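The structure appears right after this line, and notes come after that.
Just so you know, all these numbers are worked out from the coordinates, no wet-lab data involved. Because the structure is predicted, anything quoted here is derived from the model rather than measured. Neighbour counts are summed over all protein chains in view; Cβ atoms, including those assigned to glycine, are modelled from backbone coordinates with ideal geometry.
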Amino acid sequence: MMTYCSTDLHWLTRKAPFGKAKLLDNDIEIDFQQHTQTTDIVSVIATKPLTGNENCPRIQPGSFVLFHFGKRIL
């Protein structure tokens, strides 16, 4: 998947060992280990960070980012 940031995008990749994520806008914690396999790799791209306990780097405006099978490759 290719993403292009015009103003504000953030991304994160989750892979084993999966942990828990606490949502920023709701008092909910999700244990991804209960919903994934050890071989899963999942990337999330959003206009703002969704969780408070994970590193969600910002994509610079005007930049492309390329993901392949869940991994950032460019």
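The residue pairs whose first member lies in the range 40-61 and is over 19 Å from Ser6 (Cβ atoms) and touching a residue at least 12 places away in the same chain (Cβ under 8 Å), whose second member is among the hydroxyl-bearing types (Ser, Thr, Tyr) and not in a strand (DSSP E or B), and whose beta carbons are closer than 8 Å, counting only pairs six or more residues apart or on different chains, are Val42/Thr36. Counted as qualifying within the chain are the strands (runs of 3 or more DSSP E) with 3 or more residues that are surrounded by 14 or more Cβ atoms within 10 Å (Cβ to Cβ) and not small (Gly, Ala, Ser), namely 9-15, 41-46.
I'm checking my understanding of the structure. Among residues of the range 36-74 that are β-branched (Val, Ile, Thr) and in contact with a Lys or Arg (Cβ under 7 Å, 6 or more places away or on another chain), which one is farthest from Asp25 (Cα to Cα)? The extreme case among them is Val65.
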